[in-house]
Every structure is written in C-alpha cells, then in structure tokens.
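Student: For reference, the structure I am asking about is given below.
The values are calculated or read from the model by the stated rules, or taken from the named source; none is laboratory data. Bear in mind that the values here come from a model prediction, so they are computed numbers and not experimental data. Note: ideal-geometry Cβ built from the backbone for every residue, glycine included; neighbour counts use all protein chains shown. Just the protein is used for accessible areas: all its heavy atoms, side chains included, with ligands, DNA and RNA removed. Shrake-Rupley method; radii C 1.70, N 1.55, O 1.52, S 1.80 Å.
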Amino acid sequence: MIEVIDLTKRFDLSRKQKKSLIQAEKKVSENAVDGINFSCQPGRIFTLLGPNGAGKTTTLRMIATMLRPTKGTIRVAGFDTVKESESVRAHIGFLTGTTGLYGRLTPREIIRYYGQLHGLSLKEIEERQKIYFDLLGIWDFADKRIEKLSTGMKQKVSIVRTIVHNPPVVVFDEPTTGLDVITSRNIMDLIRSCKKEGKTVIFSTHIMGEVSLLADDLAIIHEGKLCYNGHFDDFKRAHSGVSLEDAFINTVNGEVVK
Amino acid sequence: MTKFWIVFRKEMIDTLRDRRTLLVMVLIPLLAFPLMMKIVTSVTSAQVKKTMEKRLVVAYIESIPNSALLTKLKGESLFDLRTDISEKEIKTGIENGRVDFGLVLSPEFNEELSANKPGTLQFYYKGSDEGEMTKKRIDALLEQYEEEILNERFGRLGLERNIASGLNIVHRDVATMKEKIGEKIGGLIPYLFIIFCFLGSMYPAIDLAAGEKERGTIETLLVAPIGRMTIVFGKFAIVVAAGLFSVVLSFVGLFFSIKSMSEIPEEFIGAFLTSIEPITLISILLLLIPLSVLFAAIMLAISIFAKSFKEAQNLIGPMNFIVIIPAFIGMLPGVKLDMMTAWIPILNVSLATKQLMMGNADAGLLAIVYGSSLILATVALLFCTHWFNKESVLFRS
C-alpha cells in the first residue's frame, strides 16, 4: 500500500530557469508538487495522469525515495520514505520508459547484481531468474551483452530487474515512453500480472489509451496539484457522453479537488 | 558479500569491459615507457650516427702553405676539402649550406709557429644543433694538431710535456649512482606516474557517474536498498584502483623496457634497479595512494555533477593542466622538497618521489607530504559524498 499525505516538493529554480519559464509564458512555480493526497491499494492499479511537467515523475521519485519531500509524508508498505528509506526501497520495484541497463553486462549478470543488492541469495536469484527467463524467453540472449540486444530484449530484462525481488509495491513512471507496440504490450502485461499477484501498482502516463486499458483508480495531476482523485469508473460515469480526452481537459481546466 | 563489495565487483567487471578505459588504463601505461625509450634511443643513435658519418665540406685557405695541417685534413676520408673558395664565399657558403666549415690560416701562421707562438686561424661554422655536433670532428683534428705542435716544441727544448700543467686535479664525485640517476630521471618518473594515475582514473570516473546518468541506470541503483554512501564508496574504490593500477602497469613497462634495451649501459641498468628497490617502490606507491584518492574524489564529484559523458569530459579535460603544471615543476632541476613545497599538492608528491628515488628522503618532510595529501584527499572525498546526496546535482537538468 502507498499513502501520500499532504505531499509538497519545492525546487529552488535558478534565475536562468525562471527566465526561460517566463519566456515560454509558463507559470513560475517552484512547487513541483503542491500538497497532494492519495492512496494506492494492493491488487489495484493506481494511475497518475497528467501532461508533461505536471509533477508525475517528481511524485513517483519521492515515493521511490530518490527525492525527499519538502513537506508531507509518504508511507510505502508501512515504511516512511524519509525515516526508513532503505526499507521502502527493499519493498518496491521501479521501472521507467527511459530506464537503462548496463550495456557491458549480460542479462544474467544484471539480474544477479540487482538480486544481490536486494539481499537475495544466489539460489533465490537462480530460482526467480528461471521463472522469468522462461516466461519472457530470455534464455537465448541471457549471456549476450546488453549493448548487443534489441530494445524489446532490453525491456524484457528491465522487467525482470524490476520484479526479481518480488516487491509488494511496483512503481511505473511512463513505462512505455519511446517503446514500440510489442514492447509496450509486454509492459502492460507486466502491470496486469502485478495486479493479479496482489501487488500495489502505481503508474504514471500522459496517454489516455493506457489509462482506459489499465486504471482501477485515477488521479489527475496538473501544475503539481491534484484535479481528480477517485475510482476510474466513477470518473467515466461523471463524464459520460464525452471522450476521455475531453474529460481530462475539462478536469484539468476545472476546479481543483483535494 | 557486503553491498559495498557487490557494487565494487559489478563496477570492476563493467570497467574492465570498457575498451576506452582499457586503452587508457592498461595499454597506454604499459606501452608508454617502452615506446618512449625505444623512440628516444633510436632517434638519438640515428642522429649521432648521421652526424659522425656525414661527409663534410671543409673550405681551407692558407696564404703560405702549411703542409702539416693540410695533410691532416686530406687524410680524413669523410672531408671534402675545398681550397678554391675565398674567405667571403666561406661565410655565404656556410649560410646557404654549400659549405660546412671553413678554416682560414692567418698570413703570419707559419711565422707564429716558428716563433713558438700560437698560430692564429679562423674557424667558420654554424652553431646550430647539428653544426655543434659535427664541429667536434674538426675540433678533435685541430686539438690533435695542436698537441703535435706542443710535443715538437717541448721535445726541441728538452722539456717534459706536463711542465705546462700547473695542477693535476683528480675529481672525486661522492654522489652515488643512485643519486645521479635520481637527479637525472627522478624528476621524469614521478611526472609520468602522476599523469598515469590521473589518466587511469579519468574514464572510470566519468563512466561510473556521468555515464550512469546518461544511460539512465542511476535511477535503478538509487531505488535499490543500498545507502548512497555505499554506492559512492563502491564507485570511488574502483576509480582509485584504476589510477593505481595504471601506475603499477607503467612501472612494469618501465622495468621491462630498461631491462630489455640493449642501448642502455649495464652500469645504468644496475644502478637504476638499485634505485627502485622494493622499499622505495612501496613508499612511492604509498605516496600515490592519497593522490589517487584526491584525483578520484574530484573527478567523481565533477562526473556526478555532469549531465552527460561529454559534459563530464569537457569539465574534467582542463584538470589536465592543473595536474601537469605542478608535476612538471617537480621535474625541473633545482626544485627541492622543503617546508614550503611539501604542502603544495601534486608538486609535493612529485618531489618526494624524486627524493625517494635518490635515496635521501627526509622523514619529516615525507610525513608532511603524506599528511597533507591525506587531509586533502579526505576533504575531497567528503565533498564527493555530499555532492552525491544533493538532489540538485544528481537530478540536474
């Protein structure tokens, strides 16, 4: 489970950054995330939807303990992200569309590395590796260097890296960005299988199609503030008769909810 | 296995598979000394051979025939003797390269010799590098001729030849061969060791921080249950090891090139090997550890700050000068390790290495060098870890 309470993240902008924002006729706000609240439940897919620069990545990075909140609290699997950050990291898997892999290592070495970092024994790593390598068909290239693999192959390895330690919480930050249809499908399947296994899943996107395919719960974020937070079915009912895209735009332009 | 070792092991595999790193960290240090020495000795011996075997055009003018000198000149098979050139033409001939040397005997030359006076002659030459070297061949011939004149005079007067020597100076150089070698090459070796220590660390430092950011692998590492300090120390240890490994390899290259080079005299090889006895070598390596830590910490901090591999290269590139200048000053003759230079980073290590090779290192000054280098390295490392914890640096965009 993930609980986000009154979460704020403030970045100190340099003079140059402020100037470029003004030039682009954008609002100069140093709060990338501004007092948001939500919770994600196990066995459900929580979708964070918002345009570019809305604060999605910042929120997810705070959940994953990469960034410290300026204000507010986040609890992941019962652990505080600031006070118990290492325990939080032991309980999450994290995948983004731009996540890279070490080009000079092989898939087998990468899985062993992350497995060991998560405290798994070599035997446990072997067992889990077998399950996922069988499932995703990785054995054929298990000992080839990552730099020699196709994008699809790499993404399969990334998937195994994300869940090798069987985390109860999985964070996906725009996981399909830049990927082709087949590779995106693999990611979508992973998200669904995580849900089936009863994991808490949060994923961010700006693609409406992905929302309608996956979301159980939905939060819409714009300029660091939440514009909607509730069940996706309720959202659809409230905007029946209009397309999802229009519903999103209406929500973003409408009243902000807490 | 602790998490530090897990990170260290992975970074080591990753680093050793990077061709660019291998080239700078392994191949160049290993081959630099053998190649450098081979090139220097080959070029020098080829140059000497060329100068000694070059046919020289020697213009000779005498108002009254002096058969003795002329016979000597004619006896040299590698001289093309020209007696048909005027004194004015000699000067222009040397300037435009048609003539190498000119000897012009004064009209009173024979009279002067007969009167037991020095015979006056003008010796025209061009004092460029090659000219200076070939000039020695004419000098040797003239000295031989002068000796014959003097022997004839002393014999005629019934005197011993050595009556003309007022002093018999016997030079007793108390410097050991180790000190002489230390003075001659003791400056160059630490210079090269420092450069290799820097270069060896450079690519791993860039790749393990800026490269990791560029590839997007940093996020996966930051969400693993491992402290940021452990990540930094794991990476840092590899960068330090890479620098020291380069130094050790450059030493191996130096050792084998000296041992295998036939052009180097046996006496020199023996003295060199005694000047780098195990205790000296260990002391030099110990000196280079804090320096390597300093380099690693600074370069890793810069690399963490950089957004990309290229930016890190651009930022670290100018550091070359900061390293080269003090290392070069340490190579200059006369610059010694004292209470002031012992505090100057890089220069102090260079000078201390030189003293260690000469075998006359001052324990107190060495302690200052070790101490100050360690303090500086610790500060740099603390800064590096602080930097790695800064969100604005780690996620700089």
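Student: Along the three principal axes, how long is segment B:264-384 when you take its alpha carbons, biggest first, rounded to the nearest angstrom?
Tutor: Largest to smallest, the principal-axis extents are 53, 34, 26 Å.
Student: Hey, what do the phi angles of segment A:113-124 turn into as Karplus ³J(HN,Hα) couplings, whole Hz, using 6.51/-1.76/1.60 and θ = phi - 60°, x for Gly and Pro?
Tutor: 4, 5, x, 5, 4, 8, x, 7, 7, 4, 5, 5
Student: Here's something else I'd like to know. Using only Cα positions of segment A:150-210, each an equal point scatterer, no hydration layer, compute I(q)/I(0) via Debye at q = 0.12, 0.16 Å⁻¹ and quote the log10 values to two decimals.
Tutor: -0.27, -0.48
Student: Sticking with this structure for a sec: Specify which residue in the list B:LEU188, A:GLY72, A:GLY53 is farthest towards the positive end of the charge dipole of the protein assembly as shown, using unit charges on the beta carbon of Lys, Arg (+1) and Asp, Glu (-1), about the Cα centre.
Tutor: So the residue furthest toward the plus end is A:GLY72.
Student: Here's something else I'd like to know. State the percentage of accessible surface on the protein assembly as shown attributable to carbon and sulfur atoms; use a 1.4 Å probe and exclude ligands, DNA and RNA.
Tutor: 59
Student: If exposed means no more than 16 neighbouring beta carbons inside 10 Å and the site is in a DSSP loop, what's the longest run of chain B without any exposed GluC sites (Glu not before Pro)?
Tutor: B:264-397
Student: Can you list the residues, at least 5 places off or on another chain, whose amide H is less than 5 Å from the amide H of A:ASP173, using H built in the peptide plane?
Tutor: Sorted by chain and number, the residues that satisfy this are A:LEU95, A:THR96, A:GLY97, A:SER204.
Student: Just to confirm, what accessible area per residue do you get for chain A at 1.4 Å probe, in whole Å²?
Tutor: Normalised by residue count, the accessible surface of chain A is 46 Å².
Student: I've got another one for you. Quickly estimate the mean residue ellipticity at 222 nm for chain B, helices only: each DSSP H run with n ≥ 4 gives -39500 (n - 2.57), and the total goes over all residues, rounded to 500.
Tutor: Taking each H run of at least 4 residues, the total per residue is -22000 deg cm²/dmol.
Student: Okay, moving on. Take the Cα pairs of segment B:1-126, get the Kirkwood Rh, then feed it into Stokes-Einstein at 37 °C and 0.692 mPa s and tell me D in µm²/s.
Tutor: 164
Student: Using Cα pairs under 8 angstrom and six or more residues apart, how large is the relative contact order of chain B, in percent?
Tutor: Once divided by the residue count of chain B, the mean separation gives 21 percent.
Student: Taking 8 Å as the Cα distance limit and 6 or more residues as the minimum spacing, I'd like the relative contact order of segment B:160-306 as a percentage.
Tutor: 42
Student: Which number comes out as Rg/Rh for chain A once both Rg and the Kirkwood Rh are worked out on C-alpha atoms?
Tutor: Across chain A, the Cα-based Rg/Rh ratio is 0.99.
Student: Starting at the first residue of segment A:154-170, write each ³J(HN,Hα) from the Karplus equation 6.51 cos²θ - 1.76 cosθ + 1.60 with θ = phi - 60°, in whole Hz, x for Gly and Pro.
Tutor: 4, 5, 5, 5, 4, 4, 5, 4, 5, 10, 4, 9, 6, x, x, 10, 10
Student: Specify the inter-centroid distance of segment A:239-254 and segment B:1-68, based on alpha-carbon positions, in whole Å.
Tutor: Here the answer is 73 Å between Cα centres.
Student: Next question, about the same structure. Which positions within segment A:70-101 get 50 Å² or more of their accessible surface covered by the other protein chains, compared to the chain by itself, with a 1.4 angstrom probe?
Tutor: A:GLU86, A:ARG89
Student: Return an integer: the convex hull volume of the alpha-carbon atoms of segment A:141-258, in Å³ per residue.
Tutor: 131
Student: In Å², and per residue, what accessible area does segment B:298-385 have when probed at 1.4 Å with the other protein chains present?
Tutor: On a per-residue basis, segment B:298-385 sits at 45 Å².
Student: Per residue, how big is the convex hull around the C-alpha atoms of chain B? Give it to me in cubic angstrom, could you?
Tutor: Enclosed volume per residue, from the Cα hull, is 207 Å³.
Student: Next up: Could you tell me what fraction of 2.2 N^0.38 Å the Cα radius of gyration of the protein assembly as shown comes to, as a two-decimal ratio?
Tutor: 1.49
Student: So what's the gap between the Cα centers of segment B:178-249 and segment A:70-107, to the nearest angstrom?
Tutor: 28
Student: Quick one: what are the phi-derived ³J(HN,Hα) couplings along segment A:237-247, Karplus 6.51/-1.76/1.60 with θ = phi - 60°, whole Hz, x for glycine and proline?
Tutor: Ordered by residue, 3J(HN,Hα) equals 4, 5, 10, 5, x, 10, 5, 4, 4, 5, 4 Hz.
Student: I need the peptides A:157-164, B:301-308 ranked by packing, meaning the mean over residues of other C-beta atoms within 10 angstrom, with the highest value on top.
Tutor: Going from most to least packed, we get A:157-164, B:301-308.
Student: Considering only DSSP beta bridges where both residues belong to chain B, give the percentage that are antiparallel (nearest 5).
Tutor: 35
Student: What ranking do B:232-244, B:280-292, B:19-31 get when scored by the average of other Cβ atoms within 10 Å per residue, highest first?
Tutor: Top of the packing list down: B:232-244, B:280-292, B:19-31.
Student: In deg cm²/dmol, rounded to 500, what helix-only [θ] at 222 nm does chain A give when every DSSP H run of at least 4 residues adds -39500 (n - 2.57) and the total is split over its residues?
Tutor: Result for chain A, helices only: -11500 deg cm²/dmol.
Student: Amide H neighbours of B:ARG82 under 5 Å, at least 5 residues apart or on other chains, H built in the peptide plane: list them.
Tutor: Those qualifying (amide H under 5 Å, at least 5 residues apart or on another chain) are B:VAL58, B:ALA59, B:TYR60.
Student: Checking buried surface per residue: for segment B:1-16, which residues lose a minimum of 10 Å² accessible area in the protein assembly relative to the chain alone (1.4 Å probe)?
Tutor: Residues of segment B:1-16 that lose at least 10 Å² of accessible area once the other chains are added: B:MET1, B:LYS3, B:ILE6, B:VAL7, B:ARG9, B:LYS10, B:ILE13, B:ASP14.
Student: Roughly how much accessible area, to the nearest 100 Å², goes out of reach of solvent when B and A pair up, both sides summed, probe 1.4 Å?
Tutor: Chains B and A together bury roughly 2800 Å² of accessible area.
Student: Would you mind checking which residues have amide H under 5 Å from A:LYS225's amide H? H placed 1.01 Å from N; only 5 or more apart, or other chain.
Tutor: Correct list: A:ASP34.
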